[in-house]
Amino acid sequence: MKVYISNYRNHWISPYTVLEKVFFWREIDYDEPLIDKLSNILNPISIGLQKFLDFVHPRIQYVKIDHYDTWNMDSMLSPIILPMLKQLKATKHGSGYIDLEDVPQNLRYTQTEDYDAQETFDFYKDESTKKINCDIHVRYDWVLNEMIWAFEQLNDGNWEDQYWIRSPEIDFTKHPEDEGKEVYPVRWKVKGECDWEGRNKHQERINNGLRLFGKYYQTLWD
């Protein structure tokens, strides 16, 4: 896999930027008749220049996928997605809308009945109701944290090991009754013992993080 994606190109040169340079000795008034007239003359030139530069110097988006990249596509994508999620959480300037059903009960309480129109306020305890108040940013951070945690587990690859109380060992010794058989039963040197309840809860949380990633995929922008 080879991926190269450049930053966004900005080739727009405003007519007013040009006029500010031309009339450098004074501050221009955009409503001034002369400035307005000159701006109308320069505008099609600015548009033509932008189209030309967009053509000769476009944003680079190069992606090459090798055949082996899809042998374990989930494993290939996880180490790319994880640092992007972490950077988004650290640098984002807003938050996506989160359905109340996707966060814990203590994050569903809000001061206003209209969730869409609620004002932003900090995460704090309401002394009158003893409930937790939280805003859309707190809910979105919680969802991002669940996504990040899920991909951390997938990147680790060995998270299941912690739930083995005793690791299983297969007996590969051939027995006399196996002679001439292409398939013979699996036999254990050590029959493993696992905390299946804990392991399944861990897997459920991973599955939920991936579900949230898919559901709120279009909110992953800064």
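GLU197 - would you say it is assigned by TED's automatic domain parsing to the domain that holds GLN87, at pLDDT below 85 and out of contact with any His (no Cβ under 8 Å at 6 or more places or on another chain)?
Numbers: assigned by TED's automatic domain parsing to the domain that holds GLN87: yes; at pLDDT below 85: no; out of contact with any His (no Cβ under 8 Å at 6 or more places or on another chain): yes.
Considered against the rule, which asks whether it is assigned by TED's automatic domain parsing to the domain that holds GLN87, at pLDDT below 85 and out of contact with any His (no Cβ under 8 Å at 6 or more places or on another chain), GLU197 comes out as no.
List, please: which pairs have Cβ atoms under 7 Å, are six or more places apart or on different chains, and start with a residue in region 15-33 that is in contact (Cβ under 8 Å) with a residue 24 or more places away in the chain and end with one that is assigned to a helix (DSSP H, G or I)?
Close Cβ pairs (under 7 Å, with a partner that is assigned to a helix (DSSP H, G or I)) amount to PRO15/SER39; PRO15/LEU42; PRO15/ASN43; PRO15/SER46; VAL18/LEU42.
For region 17-55, what are the residues that are of a type in the set (Asp, Glu) and under 38 Å from the mean Cα position of the chain (by Cα)?
Residues of region 17-55 that are of a type in the set (Asp, Glu), as a first pass: 20, 27, 29, 31-32, 36, 54.
The one that is of a type in the set (Asp, Glu) and under 38 Å from the mean Cα position of the chain (by Cα): ASP54.
In region 88-100, which residues are exposed (fewer than 11 other Cβ atoms within 10 Å of the Cβ) and part of a helix (DSSP H, G or I)? It would help to see each step written out before you state the result.
Of the residues in region 88-100, the ones exposed (fewer than 11 other Cβ atoms within 10 Å of the Cβ) are 90-91, 93-94.
Residues satisfying the conditions are ALA90, THR91.
With respect to ARG108, is the statement that it is at pLDDT below 85, surrounded by 11 or more Cβ atoms within 10 Å (Cβ to Cβ) and within 22 Å of ASN207 (Cα to Cα) true? Don't jump to the end; show me each part of the working.
Working: at pLDDT below 85: yes; surrounded by 11 or more Cβ atoms within 10 Å (Cβ to Cβ): yes; within 22 Å of ASN207 (Cα to Cα): yes.
Considered against the rule, which asks whether it is at pLDDT below 85, surrounded by 11 or more Cβ atoms within 10 Å (Cβ to Cβ) and within 22 Å of ASN207 (Cα to Cα), ARG108 comes out as yes.
Could you list, in sequence order, the residues of region 146-205 that are surrounded by 11 or more Cβ atoms within 10 Å (Cβ to Cβ) and touching a residue at least 60 places away in the same chain (Cβ under 8 Å)?
GLU146, MET147, ILE148, TRP149, ALA150, PHE151, GLU152, LEU154, ASN155
Kindly list the number of the only condition in (1) among the β-branched types (Val, Ile, Thr); (2) surrounded by 13 or more Cβ atoms within 10 Å (Cβ to Cβ); (3) in a helix (DSSP H, G or I) that fails for ILE13.
Result: ILE13 fails condition (3) only.
Quick one: in region 64-79, which of the residues that are part of a helix (DSSP H, G or I) and in contact (Cβ under 8 Å) with a residue 60 or more places away in the chain is farthest from the chain's Cα centre (by Cα)?
Step one: of region 64-79, the residues part of a helix (DSSP H, G or I) are 67-70, 73-79.
If we keep only those that are in contact (Cβ under 8 Å) with a residue 60 or more places away in the chain as well, we get 69, 74-76, 78-79.
Numbers: ASP69: 20, ASP74: 15, SER75: 16, MET76: 15, SER78: 11, PRO79: 12 Å.
For region 64-79, the residue satisfying everything is ASP69.
Being part of a helix (DSSP H, G or I), out of contact with any Ser or Thr (no Cβ under 7 Å at 6 or more places or on another chain), exposed (fewer than 10 other Cβ atoms within 10 Å of the Cβ) and modelled with pLDDT of 90 or more: is that true of PHE24 here?
Numbers: part of a helix (DSSP H, G or I): no; out of contact with any Ser or Thr (no Cβ under 7 Å at 6 or more places or on another chain): yes; exposed (fewer than 10 other Cβ atoms within 10 Å of the Cβ): yes; modelled with pLDDT of 90 or more: yes.
Here the answer is no, as PHE24 does not meet what is asked.
Could you figure out which of (1) more than 30 Å from LEU19 (Cβ to Cβ); (2) surrounded by 11 or more Cβ atoms within 10 Å (Cβ to Cβ); (3) outside the structural domain of LYS215 (by TED's automatic domain parsing) isn't true of ASP54?
That leaves (1) as the condition not met.
The values are calculated or read from the model by the stated rules, or taken from the named source; none is laboratory data. All values derive from a computational prediction rather than experimental measurement. Every residue, glycine among them, receives a Cβ derived from its backbone with ideal geometry; neighbour counts consider all protein chains shown.
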